Amino acid sequence: MSNEQQSVKMWSGRFREPLDTEFEQWQRSIVFDWRLLEHEVAASKAHASALCSGGVLTQTEAAQLRTALDAIAADHASDAGRAMVRNHPGAEDIHHFVELSLVERVGSLGLKLHTGRSRNEQIATDLRLYVRQQIESTVHALASWASALVAQAQAAGDAVMPSYTHLQRAEPVLMGHWLLAYVEMLLRDASRLRDCAARLNYCPLGSGAVAGATLALDRTIAARELGFTAPTSNSMDATSDRDFILEYLQALTFVGLHASRFAEEITLFATAEFGFVNLPEAFSTGSSAMPQKKNPDLTELLRAKVGRIHGAAEGVTLQLKGLPLAYNKDMQETQEPAFAVEFVPQMLSLVARFTSALEFNFTRMNQGAQSGYLNAMAAATYLVHKGVPFRTAHEKIGNAVRFALEKGVELGELSLEELRQFGAEFDPDFFEAVTLNATLDCHDVIGGTARERVRQALSHAVARIAVIAAPAQEAVHASA
């Protein structure tokens with residue numbers, strides 16, 4: 001490619017002075033939007049189909065352009081090829097790169113492809129394709145992590161652990177019940193992302209720079225070829241909309257938050273003070289100074305990643321604030337935050353493998369579930385079944401707990417005579433009502449930790465994960 005070809009701008013006809021050299025380099029987006037090459041190629045092929053249908057291109061010309069576009073994508077699919085795109089000396093952005101590459105391959109026919117379109121609609125389309133693809137990768141990674149959590153829950157069986165409120169022991173729960181709490185979070189995350197994908201799945205091609213294409217193109221052709229639901233309904237909105245990027249980043253913030261909560265609990269549970277879980281060595285590191293250490297690096301990094309994700313969402317919020325319709329160059333700044341969270345699917349893949357490798361200390365967890373009066377709620381429920389109003393039952397059991405604390409025993413270790421000083425309602429069947437299994441099974445409601453309810457919830461979770469693991473409706477790709 002000659003220096004003259006490299007220096008040609010897509011907009012230079014009206015200008016007499018060249019750009020300031022430093023400004024030219026500063027404002028280029030090819031250094032980051034090179035990631036959109038495959039999407040730019042797909043959108044350009046779809047536009048060629050629309051131009052062919054509208055009589056602007058012959059079938060031979062359209063086929064020639066499509067072949068050249070495929071070759072451009074193939075030539076730059078490797079790391080070295082992507083570096084060539086990123087470091088191209090003359091291209092302003094990914095659209096300019098593809099046009100220059102087309103001209104190099106097919107001559108002036110490459111310039112004909114831009115008929116009836118604007119970079120404003122091109123970038124809006126490319127970004128939708130990119131975010132849609134990233135969402136699908138993230139949802140599948142969420143499904144893998146959720147499956148790892150379910151597998152651990154199934155392996156745990158009826159293993160019991162203490163649950164916590166205010167980080168104080170509260171009631172015993174099945175370990176599977178605790179793990180399924182995170183599955184619920186991940187299923188919501190997948191739902192948010194799929195909702196975002198459904199809302200963004202409308203095609204801006206044919207919107208022109210702001211007012212719509214100046215040719216009577218059939219916009220449904222490109223939309224259908226790219227797997228969009230339909231064309232966008234308003235050209236001004238289509239070219240200036242970046243809601244989908246913000247919504248995507250906000251949905252990922254929830255993913256990060258949930259990963260961070262899981263990471264914090266595992267970090268705590270892996271301490272000697274808890275001793276509930278043994279960190280897998282494959283995901284831990286040691287100390288350069290203290291030979292005995294095994295540090296929870298993966299979970300600590302998980303906690304930190306939410307900051308990067310949330311920061312990206314906040315950045316886009318401020319970039320979009322107060323922008324007038326329609327396209328503004330400010331919108332270029334929404335791209336890098338979207339690209340900055342490409343690590344999320346890999347992060348989720350790692351945490352899924354980490355989850356599968358965790359080893360839980362069931363004995364220690366069981367001990368924790370049976371000390372500290374975690375059966376007090378079940379004890380109060382026992383009195384309720386005897387006809388005692390709950391507030392009164394709460395008071396009676398509170399008094400019994402205080403007495404047991406002073407004596408240094410658990411509730412079930414008090415004698416019947418000792419219990420009856422707090423109420424005549426206590427009978428010998430009290431001791432069965434506050435056993436560990438009875439304490440679990442008294443929570444026999446949908447969503448409760450009763451053993452049978454958790455078994456049902458596990459089966460239901462497997463089915464729900466299968467739904468999100470299935471691929472979204474396949475896009476209809478370019479015709480032959």
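The values are calculated or read from the model by the stated rules, or taken from the named source; none is laboratory data. Keep in mind that what you see is a predicted model, and the values were worked out from it rather than measured. As a convention, Cβ positions derive from the backbone with ideal geometry for all residues, glycine included, and neighbour counts pool all protein chains shown. These accessible areas exclude ligands, DNA and RNA; they are computed on the full protein's heavy atoms, side chains included. Shrake-Rupley method; radii C 1.70, N 1.55, O 1.52, S 1.80 Å.
The residues LYS407, LYS396, sorted by heavy-atom accessible surface at 1.4 Å with ligands and nucleic acids left out, run LYS407, LYS396 from largest to smallest.
Shape descriptor for segment 20-130: Rg over Rh equals 0.97 (Cα atoms; Rh from the Kirkwood inverse mean 1/r). What shape does segment 244-303 take by its C-alpha gyration tensor, where a ≥ b ≥ c are the square roots of the eigenvalues and a/c under 1.5 counts as rounded, a/b above b/c as prolate, and the rest as oblate? It comes out prolate by the Cα gyration axes. 3J(HN,Hα) along segment 49-63: 4, 5, 5, 5, 4, x, x, 6, 10, 7, 4, 5, 5, 4, 5 Hz, from the Karplus curve 6.51 cos²θ - 1.76 cosθ + 1.60 with θ = phi - 60°, whole Hz, x for Gly and Pro.
The magnitude of the dipole of the chain, with charges of +1 and -1 set on the Cβ of Lys/Arg and Asp/Glu and taken from the Cα centre, is near 520 debye. Protein-only accessible surface at a 1.4 angstrom probe places the residues ILE309, ILE221, ILE446 in the order ILE446, ILE221, ILE309, largest first.
Across all Cα atoms of the chain, the radius of gyration (one decimal) and Dmax (whole number) stand at 30.4, 102 Å.
A simple count of charges around LEU186, restricted to other residues whose Cβ falls under 14 Å of its Cβ and scoring Lys, Arg +1 and Asp, Glu -1, yields +3.
What does the charge add up to near LEU358, with Lys and Arg as +1, Asp and Glu as -1, over the other residues with Cβ less than 15 Å from its Cβ? Intermediate values should be presented prior to the final figure.
Numbers: positive: LYS294, ARG353, ARG364; negative: GLU264, GLU265, GLU281, ASP297, GLU359.
Local charge sum for LEU358: -2.
Note down the relative contact order for the chain as a percent, whole number, built from C-alpha pairs under 8 angstrom at least six residues apart. Taking the mean separation of contacting Cα pairs over the length of the chain, I get 18 percent. When you filter the chymotrypsin sites (Phe, Trp or Tyr not before Pro) in segment 318-375 for DSSP loop state and at most 16 other Cβ atoms inside 10 Å of their Cβ, you are left with PHE343.
When the convex hull of its Cα atoms is viewed from all sides, segment 333-405 shows a mean projected area of 10.3 nm². Taking amide H atoms as placed 1.01 Å from N in the peptide plane, the amide H of ASN295 lies under 5 Å from those of THR285, GLY286, each 5 or more residues away in sequence or on another chain. With unit charges on the beta carbons (Lys and Arg positive, Asp and Glu negative) and the dipole taken about the Cα centre of the chain, which residue among ALA156, PHE390, ALA213 sits farthest to the positive side? Highest projection toward the positive end goes to ALA213.
Estimated from helical segments only, the mean residue ellipticity of the chain at 222 nm is -19000 deg cm²/dmol, where each DSSP H run of four or more residues counts as -39500 (n - 2.57). Calculated FRET efficiency, SER191 to ALA170, Cβ-Cβ distance, R0 = 25 Å: about 0.30 to the nearest 0.05. Under Stokes-Einstein, with the Kirkwood radius over Cα pairs standing in for Rh, what whole-number D in µm²/s applies to segment 412-458 at 25 °C and 0.890 mPa s? It comes out at roughly 203 µm²/s.
Taking Lys and Arg as +1 and Asp and Glu as -1, the other residues whose beta-carbon sits under 15 Å from that of LEU174 total -3.
At the residue level, GLU264 shows approximately 70 square angstrom of accessible surface with a 1.4 angstrom probe and all protein chains present.
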